[in-house]
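Read through the structure below, which is laid out as structure tokens, and then see the notes.
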Amino acid sequence: MLNVLQDDTINPVEPFLRSDRMPHIWCPGCGIGTTVNSFAHALIESKADLNSIALVSGIGCTGRVAGYVKLDSFHTTHGRAIPFATGLKLANPKLNVVVYSGDGDLSAIGGNHLIHAARRNIDLKVICVNNLIYAMTGGQTAPTTPGHATTSTNPYGTFEPSFNLPHLVEAAGAVYVARWTTFHVRQLARSISEAFAKKGFSFIEVISPCPTLYQRRNKMGDGLDTMKYYKEASKVKNGANTSEVGLTLNGEIAVGKFVDRDRPDYQTMMRAQYVESLGERYIEVTGEAEPEMECACG
Ligand SMILES: Cc1ncc(C[n+]2csc(CCOP(=O)(O)OP(=O)(O)O)c2C)c(N)n1
Ligand code: SF4
Ligand SMILES: [Mg+2]
């Protein structure tokens, strides 16, 4: 691979992007591109084999990531990134499967898949860009929208309780849970590298600005003002009790690595069960092309 770190004429991130797709669709000050920068740095730092990575996105502004990264990537339907990724992982266990999607995609329409993938401990690395709304469709209230925030569907302020995503996925069974903001580019890259080294369901939440819809409606200024807010309001709380890291409209943002634990992942448990029940009759799925089978019907 190109040694981008030694050649300062090349932007280190460029080899990971489909430059022919530029310019991208993201608004000025949007945080999604910043997360992609950290993701690319994590690929460099972890020396990941790019041929072993598959990236899956759902629908939304964040979902567009799948179209911009120079990897095997899939832009699936809304809320279905996790089941699609699960199928990939089951069919080819050697793949490093990354799910890269928005808070609405993963925790609203896809919420059921999220909790069950965490419960089963499917070996997926989930990067959730949480801009606290459904951005692509006009800034509607999402399950992550903090109380009192103004959105297009709650012009007088939201009043329903919101999800605390780190707590939700920890309770469901995730083995690695971290949260950063788009101000924490290095810490985010480190967490993504750590997730690559982890077997099981990893979840990284990135709090990210949507200046066009969320910040503007809530009078939080532009992208730069939001960086200042993230810098001032963030408190690093590694190992924090996730029940205490819920977000509020203008309050503290607990960031850090909250959970890092081990338990057998889905495919390890499945293999153990089948070996116990079937013994030598169990044929493991390896991801290699299966030999042609003779048709039993003659
Ligand atoms: C089945 C289905 N329902 C609804 C939609 C409309 N839709 C597209 S993106 C989206 C929300 C995206 O929000 P989020 O996942 O937070 O991504 P963001 O745009 O904020 O990055 C919705 C509701 C859709 N495309 N498909
Ligand atoms: S609408 Fe919001 S989330 Fe979507 S690209 Fe613009 S700033 Fe980013
Ligand atoms: Mg969103």
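Residue-wise test of (1) among the β-branched types (Val, Ile, Thr); (2) in a loop (DSSP other than H, G, I, E, B).
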site: Asp105; (1), (2): no, no
site: Ala108; (1), (2): no, no
site: Asn112; (1), (2): no, no
site: Ile115; (1), (2): yes, no
site: Lys125; (1), (2): no, no
site: Gly138; (1), (2): no, yes
site: Pro143; (1), (2): no, yes
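Restricting attention to region 261-291, report how many residues are aliphatic (A, V, I, L, M) and either at pLDDT 95 or above or touching a strand residue (DSSP E or B) at 6+ places or on another chain (Cβ under 6 Å) (or both).
5
It is to be established whether one or more residues within region 209-222 are of a type in the set (Gly, Ala, Ser) and touching a residue at least 12 places away in the same chain (Cβ under 8 Å).
no
Would region 169-185 turn up any residue that is touching a Lys or Arg at 6+ places or on another chain (Cβ under 8 Å), among the aromatic types (Phe, Trp, Tyr) and either modelled with pLDDT under 95 or over 15 Å from Thr35 (Cα atoms) (or both)?
So the first thing to find is which residues in region 169-185 are touching a Lys or Arg at 6+ places or on another chain (Cβ under 8 Å), and the list is 172-173, 175-178, 183.
Subsequent filtering for residues that are among the aromatic types (Phe, Trp, Tyr) retains 176, 183.
From what is left, the residues that are either modelled with pLDDT under 95 or over 15 Å from Thr35 (Cα atoms) (or both) are 176.
Scanning region 169-185 turns up at least one residue that is touching a Lys or Arg at 6+ places or on another chain (Cβ under 8 Å), among the aromatic types (Phe, Trp, Tyr) and either modelled with pLDDT under 95 or over 15 Å from Thr35 (Cα atoms) (or both).
Is it true that Ile253 is more than 16 Å from ligand 2 (Cβ to nearest atom), in contact with a strand residue (DSSP E or B) (Cβ under 6 Å, 6 or more places away or on another chain) and in contact (Cβ under 8 Å) with a residue 24 or more places away in the chain? Reasoning before the result, please.
Details: more than 16 Å from ligand 2 (Cβ to nearest atom): yes; in contact with a strand residue (DSSP E or B) (Cβ under 6 Å, 6 or more places away or on another chain): yes; in contact (Cβ under 8 Å) with a residue 24 or more places away in the chain: yes.
Judged against the criteria, Ile253 is a match.
Filter region 171-190 for residues that are surrounded by 24 or more Cβ atoms within 10 Å (Cβ to Cβ) and in a helix (DSSP H, G or I) and give the result.
Residue satisfying the conditions is Leu188 alone.
Scan region 104-156 for residues that are closer than 25 Å to Asn218 by Cα, polar (S, T, N, Q) and either more than 8 Å from ligand 1 (Cβ to nearest atom) or in contact with a Pro (Cβ under 6 Å, 6 or more places away or on another chain) (or both) and jot them down.
Ser107, Thr141, Thr145, Thr150, Thr151, Ser152, Thr153, Asn154, listed by residue number.
For region 130-160: of the residues being closer than 17 Å to Ile253 by Cα and more than 18 Å from the chain's Cα centre (by Cα), which is nearest to ligand 2 (Cβ to nearest atom)?
Ala149
How many residues does region 39-69 hold that are away from ligand 1 (no atom under 16 Å from the Cβ) and among the small types (Gly, Ala, Ser)? Step through it out loud before you land on a result.
Step one: of region 39-69, the residues away from ligand 1 (no atom under 16 Å from the Cβ) are 40-54.
Filter once more, so that each one left must be among the small types (Gly, Ala, Ser): 40, 42, 46, 48, 52, 54.
So the answer is 6.
If I filter region 57-111 down to residues being away from ligand 2 (no atom under 16 Å from the Cβ) and of a type in the set (Phe, Trp, Tyr), which single residue comes out as surrounded by the most Cβ atoms within 10 Å (Cβ to Cβ)?
Checked region 57-111; the qualifying residue surrounded by the most Cβ atoms within 10 Å (Cβ to Cβ) is Phe84.
The values are calculated or read from the model by the stated rules, or taken from the named source; none is laboratory data. No experiment lies behind these values; they were computed from the predicted model shown. Note that each Cβ is placed from the backbone with ideal geometry, even for glycine, and that neighbours are counted across all protein chains shown.
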